[in-house]
1. Quick one: count up the residues across the stretch 20-43 that are closer than 12 Å to residue 93 by Cα and either assigned to a loop (DSSP other than H, G, I, E, B) or in contact with a Lys or Arg (Cβ under 7 Å, 6 or more places away or on another chain) (or both).
2. What pairs come out if I take residues in the stretch 193-220 that are of a type in the set (Phe, Trp, Tyr) and pair them with residues that are in a loop (DSSP other than H, G, I, E, B) and surrounded by 20 or more Cβ atoms within 10 Å (Cβ to Cβ) whose C-beta lies under 7 Å away, six or more apart or interchain?
3. Would the stretch 97-117 turn up any residue that is touching an Asp or Glu at 6+ places or on another chain (Cβ under 8 Å), under 26 Å from residue 224 (Cβ atoms) and aliphatic (A, V, I, L, M)?
4. Of all residues in the stretch 177-215 being in a loop (DSSP other than H, G, I, E, B) and of a type in the set (Gly, Ala, Ser), which is surrounded by the fewest Cβ atoms within 10 Å (Cβ to Cβ)?
5. I'm trying to understand the selection: among the residues of the stretch 146-171, which are of a type outside the set (A, V, I, L, M), surrounded by fewer than 19 Cβ atoms within 10 Å (Cβ to Cβ) and closer than 15 Å to residue 38 by Cβ?
6. Please identify the pairs in which a residue from the stretch 161-187 that is farther than 16 Å from residue 239 by Cβ has its Cβ atom under 6 Å from the Cβ atom of a residue that is in a helix (DSSP H, G or I) and among the small types (Gly, Ala, Ser), counting only partners at least 6 apart or on another chain.
7. Looking at the stretch 20-35, which of its residues are surrounded by fewer than 24 Cβ atoms within 10 Å (Cβ to Cβ), touching a His at 6+ places or on another chain (Cβ under 8 Å) and under 11 Å from residue 169 (Cα atoms)?
8. Being of a type in the set (Ser, Thr, Tyr) and surrounded by fewer than 15 Cβ atoms within 10 Å (Cβ to Cβ) is the filter; apply it to the stretch 80-138 and report the residue that is nearest to the chain's Cα centre (by Cα).
Amino acid sequence: MPFIETETSRTHYLLEGTASSPTLVFSNSLGTNLSMWDPQTAAFSKKFQLLRYDTRGHGNSSVSPGSYSIGQLGKDVLALLDELHLDRVHFCGLSMGGMIGMWLGANAPNRLNKLALCSTAAKIGTPEMWNTRIETVRKNGMKSIAHGVMERWFTPAFRAKDPLAVAACQRMVEGTNPEGYAACCAAVRDFDFREHLQGIRVPMLVMSGAHDPATTPSDGRFLTERTLDSRYVELNAAHLSNIEDRDEFNAALAKHLA
């Protein structure tokens, strides 16, 4: 299992494809690991070197103590790129991963070619909501929230159509370390990029799920309207649009990266 080590963390990653191809980085949502991007690997592995990684506190990456920040998670990405000698990459992040993408777009634009922000927002939820969730998982564990998370992540139609995919995602949530999850909840809670979006200087695609209750289409349009070089696409999905509407997601991302 490949890892990179820093003074404060250990990041698990998976690098696939040929080094001569452009690199496309995928950044996962809260409560998942790098396998959430399995629906994208076949579609993009022929033209890109794919870099997937587990965000700090998730999957096989380390759970360092204390609350995290989106800036800290963005610096983890830069450390990973440095270790792998990747100068410039395309970056696609969903939800929390999209927030990381915003931070990178404003703070490290020289490391990015193109940026895709999916099912995300410049500000998600309220401090009270996140504090309640942090308290719940610390007291009752991840299984206590997993079913409710699936109801937000997928529409009723998709949950009936593909119960195996939903079950796999629920297992991801249930297997996430509660302290790592809580620390990343704090990062999302404290992130507010609404006044900083104009600082993003990277060509950007914004994708929102038409039925997403967490990061709504209006959140996606807000991102598009306040950045200089961006395009908006709306998908027939709830929150995990890369899974629920994978074909349209892949087509829109491929067009953006072409």
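Every read-out reported here was derived from the displayed coordinates using simple, explicitly stated rules and does not represent laboratory data. Values in this document were obtained by computation on a predicted structure and should not be read as measured data. Please note: Cβ atoms are built from the backbone with ideal geometry, for glycine as well, and neighbour counts cover all protein chains shown.
1. Here the count works out to 6.
2. Within 7 Å, the pairs are 193/122.
3. Looking for residues that are touching an Asp or Glu at 6+ places or on another chain (Cβ under 8 Å), under 26 Å from residue 224 (Cβ atoms) and aliphatic (A, V, I, L, M), one finds none in the stretch 97-117, hence no.
4. Restricting to residues being in a loop (DSSP other than H, G, I, E, B) and of a type in the set (Gly, Ala, Ser), the top hit is 210.
5. Across the stretch 146-171, the qualifying residues are 162, 171.
6. Going by the 6 Å Cβ cut-off, the qualifying pairs are 174/146.
7. 33, the sole residue that qualifies.
8. That would be 126.
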